[in-house]
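*Asks:* Take a look at this one; I'll ask things after.
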Amino acid sequence: GDRVELTFSQPIIGLCQAVLRFVNLSSGALVAECSMELDSTGLMLQARSPRFPTSMVNSSVKGLLALNAHDFVDTGFLFTVSPAGKLKIGFLYHSSRWDFGWTFQHNVARLYLESKFFGRIETIYRNYVSD
């Protein structure tokens, strides 16, 4: 998934944010970190998954949590970094993508995105979409 969630057995009072760091299991080096927010029940910290370096795919990392953003403690959890799925982006055009105007320029941008993020995104488009 694209989210990290940590659930607690008792509500955490007076906390809004925490930081979760992921460190390389073998070297101890910092790999990634994310800022987490406490949900309305006080029982769950949630965050978007951080982007890990591709060199870490299929490697194990350890989670360190700081409820005060300063003092990190080992969560006891090991995570395996899995490859990110492709992001699918859609473009809706009011005319043909070959009209040499506004739509054409947006299609040029779509093709640029595909080349810039090769293999990490997939784009789709539809011509002649009415308002």
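*Asks:* Compute the accessible area per residue over the chain, keeping the other protein chains in place, probe 1.4 Å, unit Å².
*Replies:* Working: 9050 Å² over 131 residues.
With all protein chains present, the chain gives 69 Å² per residue.
*Asks:* Keeping all protein chains in position, work out how much accessible area Val108 exposes to a 1.4 Å probe, and write it in Å² to the nearest 10.
*Replies:* Surface open to solvent at Val108 totals about 70 Å².
*Asks:* So, one more: How much length is gained if the chain between Gln10 and Ser130 is pulled fully straight, taking 0.36 nm per residue apart and subtracting their Cα-Cα distance, in nm to one decimal?
*Replies:* Fully extending the segment from Gln10 to Ser130 adds 38.0 nm.
*Asks:* Same structure again: Ignoring everything except DSSP H segments at least 4 long, calculate the 222 nm mean residue ellipticity for the chain; use -39,500 (n - 2.57) per segment, divide by total residues, nearest 500.
*Replies:* -3500 deg cm²/dmol
*Asks:* Using a 10 Å Cβ count of at most 14 others and DSSP loop calls, identify the longest part of the chain lacking such chymotrypsin sites (Phe, Trp or Tyr not before Pro).
*Replies:* It works out to 9-97.
*Asks:* Just how far, in whole angstrom, is region 6-71 from region 82-131 if you go by their alpha carbon centroids?
*Replies:* Here the answer is 34 Å between Cα centres.
*Asks:* Taking amide H positions as placed 1.01 Å from N in the peptide plane, with prolines and chain starts having none, which residues 5 or more places from Ser49, or on another chain, fall under 5 Å of its amide H?
*Replies:* Arg3, Val4
*Asks:* Give me the extension gain from Arg48 to Asp71: residue separation times 0.36 nm, minus the current Cα-Cα distance, reported in nm with one decimal.
*Replies:* So the chain would gain 6.1 nm between Arg48 and Asp71.
*Asks:* Rounded to whole Hz and in sequence order, give me ³J(HN,Hα) for region 27-37 from the Karplus expression 6.51 cos²θ - 1.76 cosθ + 1.60, θ = phi - 60°, writing x for Gly and Pro.
*Replies:* 9, x, 6, 5, 9, 6, 8, 9, 8, 10, 10
*Asks:* Next question. Relative contact order of region 2-131: what whole-number percent is it, with Cα pairs under 8 angstrom and at least 6 residues apart?
*Replies:* Here the relative contact order equals 20 percent.
*Asks:* Ordered by residue, what ³J(HN,Hα) values in Hz, to whole numbers, does region 86-96 give under the Karplus form 6.51 cos²θ - 1.76 cosθ + 1.60, where θ = phi - 60° and Gly and Pro are x?
*Replies:* Each residue's phi maps through the Karplus curve to give 6, 8, 9, 10, x, 10, 10, 10, 7, 9, 5 Hz.
*Asks:* So who's got an amide H within less than 5 Å of the one on Met36, skipping anything under 5 residues away but keeping other chains? H placed 1.01 Å off N, in plane.
*Replies:* Residues meeting the criterion, in which the H sits 1.01 Å from N, are Ala18, Val19, Leu20.
*Asks:* Hey, can you grab everything whose amide H is under 5 Å from the amide H of Val31? Only 5+ residues off in sequence or another chain; H modelled, so Pro and N-termini drop out.
*Replies:* Hits under the 5 Å cutoff: Phe22, Val23, Asn24.
*Asks:* Convert each backbone phi in region 41-53 into a coupling constant with the Karplus relation 6.51 cos²θ - 1.76 cosθ + 1.60 (shift: θ = phi - 60°), then list the ³J(HN,Hα) values in order as whole Hz, x for Gly and Pro.
*Replies:* Couplings: 7, x, 9, 9, 9, 10, 7, 6, 4, x, 8, 9, x Hz.
*Asks:* Suppose every K and R has +1 on its Cβ and every D and E has -1 on its Cβ; what is the size of the dipole of region 25-131 about the Cα centre, in Debye to the nearest 20? Before the final figure, lay out each step's value.
*Replies:* Details: 10 positive and 9 negative charges, 99 e Å.
Dipole size: approximately 480 debye.
*Asks:* Along the charge dipole of region 36-86, pointing to its positive end and built from +1/-1 on Cβ of Lys, Arg, Asp and Glu, which listed residue (Ser40, Leu67, Val57) has its Cα farthest out?
*Replies:* Val57
*Asks:* Continuing with this model, one more query. Enter the angle in degrees (range 0 to 90, nearest 10) between the Cα long axis of helix 102-116 and the first principal axis of the Cα atoms of the chain, meaning the one along which they spread out most.
*Replies:* Approximately 40 degrees, to the nearest 10.
The values are calculated or read from the model by the stated rules, or taken from the named source; none is laboratory data. Only a predicted model underlies this, so the values are computations on that prediction, with no experimental measurement involved. Because the Cβ atoms are built from the backbone with ideal geometry, glycine has one as well, and the counts that use them run over all protein chains shown. Just the protein is used for accessible areas: all its heavy atoms, side chains included, with ligands, DNA and RNA removed. Shrake-Rupley method; radii C 1.70, N 1.55, O 1.52, S 1.80 Å.
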